[in-house]
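Data block below; observations after.
The values are calculated or read from the model by the stated rules, or taken from the named source; none is laboratory data. None of the values given here were measured: they were computed from a predicted structure. Neighbour counts run over all protein chains shown; Cβ positions are idealised from the backbone, glycine included.
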Amino acid sequence: MIYVKLKGGLGNQMFQYALGRHLAERHQTELKLDLRSLLDRTPRKSSVFRDYDLSIFPIKQNFLNKNEASLLSNGQSQNPYNIVKEKKIYWFDPEVLKSPDNTYVRGFWQNEKYFEDIEDIIRKEFIFQQDWDDKTKTLTGHIKAENAV
């Protein structure tokens, strides 16, 4: 199992998912998405609350369960997962792609090298849902009917 901590807006979530998807493909295992950072609404200075945005894509949405979350929580002395944290933003670390199965990745992973080997898969998954055109037409109709900016 590969676990990915999602945080930030849609673009950040796409990069995080893409790395996790690559590792899951490499190990022929499942990818689980950790939404805890997105669900946490604790007020913080200079913080913008973000929502889970990947639902606009036809990806398999497999989320971390409570048992897995408790094992990954800070202070857990017998964490069974390999935890990989991003060392430097925008920088590619090839060692990350050698991470074993049962890895939890935390970071932004904003470099296409983290998923270039599965580019075709990512391009197929990062398309809008089939009903997106209908939603766009409906929204366009609402905008045209109003004095919108």
Hits in region 1-36 - residues which are of a type in the set (D, E, K, R) and more than 22 Å from Leu71 (Cα to Cα): Glu25, Arg26
Matching residues, region 120-149, being modelled with pLDDT of 85 or more, hydrophobic (A, V, I, L, M, F, W, C) and either surrounded by 10 or more Cβ atoms within 10 Å (Cβ to Cβ) or touching a Leu at 6+ places or on another chain (Cβ under 7 Å) (or both): Ile121, Ile122, Phe126, Ile127
Among the residues listed as Asn102, Asn111, the single one being closer than 17 Å to Tyr17 by Cα, modelled with pLDDT of 90 or more and within 15 Å of the chain's Cα centre (by Cα): Asn111
